[in-house]
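What follows is a short report on a single structure.
The values are calculated or read from the model by the stated rules, or taken from the named source; none is laboratory data. What you see is a predicted model, and the numbers here were worked out from it, not measured in a lab. FYI the Cβ positions are ideal-geometry reconstructions off the backbone, even for glycines, and counts take in every protein chain you see. Calculation scope for accessible area: heavy atoms of the full protein, side chains included, ligands and nucleic acids excluded. Shrake-Rupley method; radii C 1.70, N 1.55, O 1.52, S 1.80 Å.
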Amino acid sequence: QVQLAESGGGLVQPGGSLKLSCTVSGIYFRWYYMGWYRQAPGKQREFVAGISSGGVTNYADSVQERFTISRDNAKNTVSLQMNNLKPEDTSVYYCNADRASIGTSHWGQGTQVTVSS
């Protein structure tokens with residue numbers, strides 16, 4: 001059974017930081033491209049950041065220079081360090097494991113991030 005378990009969400013003031021983590025089980029982690037997505041109320045889910053098994057990263061323009069994605073292939077975890085958070089970062093954040101070569105994609109249940117004073 002594939003499981004992606006996110007943690008680390010919460011309420012933070014503008015300019016603050018949070019670190020999200022996602023622990024993955026049930027798949028061979030190294031084979032998967034790992035990503036973070038977010039979805040705000042009334043909006044479509046959007047890509048935030050991604051990282052290949054070899055550590056190549058990709059970011060949405062809106063989070064470039066503020067967010068950092070990392071992965072630990074030995075621990076089957078992927079993390080998202082979020083700095084200088086803005087109210088517009090408020091969303092449910094989802095962890096994703098994708099293996100496009102076989103058309104497989106797995107999602108976590110999501111964790112709420114709220115940026116507000």
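Counting only aspartates and glutamates at least 8 places from Lys75 when in the same chain, those with an alpha carbon closer than 16 Å to its own are Glu6.
Provide the per residue accessible area, probe 1.4 Å, for the stretch 39-90, rounded to a whole number of square angstrom.
56
To put it simply, the accessible area of the chain at a 1.4 Å probe is 46 percent carbon and sulfur. Taking every alpha-carbon pair under 8 Å whose residues sit at least 6 apart, the chain reaches a relative contact order of 35 percent.
Bridging of Lys86 to lysines at a Cα separation below 26 Å is possible for Lys19, Lys43, once same-chain residues fewer than 8 apart are set aside. Assuming charge only on the beta carbon of Lys and Arg (+1) and of Asp and Glu (-1), the dipole of the chain about its Cα centre is about 180 debye to the nearest 20.
In the chain, taking the dipole from charged Cβ atoms about the Cα centre, the farthest positive-side position among Asn84, Gln64, Gly10 is held by Gly10. For the pair Ala74 and Ser52 in one chain, pulling the backbone fully straight at 0.36 nm per residue adds 6.5 nm over the alpha carbon distance. Each of the peptides 91-102, 55-66 was scored by the mean count of other Cβ atoms within 10 Å over its residues; in descending order, highest first, they stand as 91-102, 55-66.
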